[in-house]
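The structure under discussion appears below in the form of structure tokens.
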Amino acid sequence: VRVSRTNKTSYYYHANKYGNIYIRSSIPYDLGISDILSADNLFLYFWLIVTFFLIVIMLYASNRFTIKMQKEQLDHDSQLRRQLTQQIAHELKTPLSTILGYMETLHNNPDITNERKQFFIDRSHSQALRLTDLLGDILVLNQLNDAPRTVKKELIELNKIVEHVVEDVELKLQQKNIQINSNLGDEIWLRANSLLLYSIFRNLLDNSFAYAGENILINILLISEDAKFYYFEYSDTGCGVRNEHLPYLFERFYRVDKGRSRKTGGTGLGLAIVKNAVEFHGGKIKVSNKNGGGLTFSFSLKK
């Protein structure tokens, strides 16, 4: 658009090239032409309205989808809780039934020999200890899952925690002729919970005591570290497990050999506690069969 030098009137000019020539046309540029060439506000308002309704529909659909997902999650959580409640009830029933059976035998047979009485008392005491361990493990898992913020952290030297664990199981090590090779290098300091760190290594050792067998070697090693994590490896030279069991070892109450597990007195929650404790400290854990026999647990802990 420019003013014509001939008649001093504003014109709208347009040119097209055809071969080697240009054809230029022009029309007076007045208010009517300006309106024609201006943006179509009605079209703009139309798309604003359409966009508004599209956003409303998307928000509604997203809200419905979110509600559906939340409902499905609640149903899933409810089902898991029911399953867990049934598992807990089943696990509690075994030691309670055993204790009740021994007590009824003592109550109904007052003339039983002292030796036999002591046998029933010792067995009842053993089952009572197992029941105490089971309840303690359940409380730990519930706290980690339902109220992790209530678990306090402080600056802790991991080397001393591992030393205390090894000292506490010294008698079992001697009884089963098990050697421990602990190589964690220099001092390892973590912002962590001391009881949960203790439970990681204690439950891994207890798992080896229960299932790996005797005359074995256990390695507790610091493999590497980076700016955020320490990477550890716990392994034994025991019998290991079949590969189909590996994905389920960290599940609550999962047992590779149910009959053998109950005889060893385990709660079925040890490795579940290990996994939850590792994840509480920002790490991950996996398990694999070791070449030559035994299990290897590879896990990380956040600095």
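The values are calculated or read from the model by the stated rules, or taken from the named source; none is laboratory data. If you're wondering where the values come from, they're calculated on a predicted model, not measured in any experiment. Accessible surface is based on the protein model in full, side chains and every heavy atom, while ligands, DNA and RNA are left aside. Shrake-Rupley method; radii C 1.70, N 1.55, O 1.52, S 1.80 Å.
Per-structure values
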quantity: Reported label for calculated percent of Cα pairs over 23 Å apart given (1) 71; (2) 60; (3) 57; calculated: (1)
quantity: Accessible surface of the chain [probe 1.4 Å, protein heavy atoms]: carbon and sulfur percent; calculated: 55
quantity: Karplus 3J(HN,Hα) series, Hz, for segment 115-130 with 6.51 cos²θ - 1.76 cosθ + 1.60 (x for Gly, Pro); calculated: 5, 5, 4, 4, 4, 5, 5, 4, 5, 5, 5, 4, 5, 5, 5, 5
quantity: Acute angle (nearest 10 degrees) that the helix 158-168 long axis makes with the longest principal axis of the chain, alpha-carbon atoms; calculated: 30
quantity: Cα-based helix-to-principal-axis angle, 194-211 vs the chain, degrees rounded to 10; calculated: 60
quantity: CD proxy at 222 nm, helix term only [per DSSP H run n ≥ 4: -39500 (n - 2.57); per residue of the chain; nearest 500]; calculated: -18500 deg cm²/dmol
quantity: Accessible area in square angstrom per residue, the chain, 1.4 angstrom probe; calculated: 67
quantity: Amide H contacts of Ser4 (H built 1.01 Å from N, under 5 Å, at least 5 apart or other chain); calculated: Thr9, Ser10, Tyr11
quantity: Fraction of beta bridges assigned by DSSP in segment 109-231 that are antiparallel (%, nearest 5); calculated: 55
quantity: Residues with amide H under 5 Å from that of Leu269, placed H, sequence gap 5 or more; calculated: Phe253
quantity: Helix 41-108 vs. the chain, principal-axis angle (Cα, 0 to 90°, nearest 10); calculated: 0
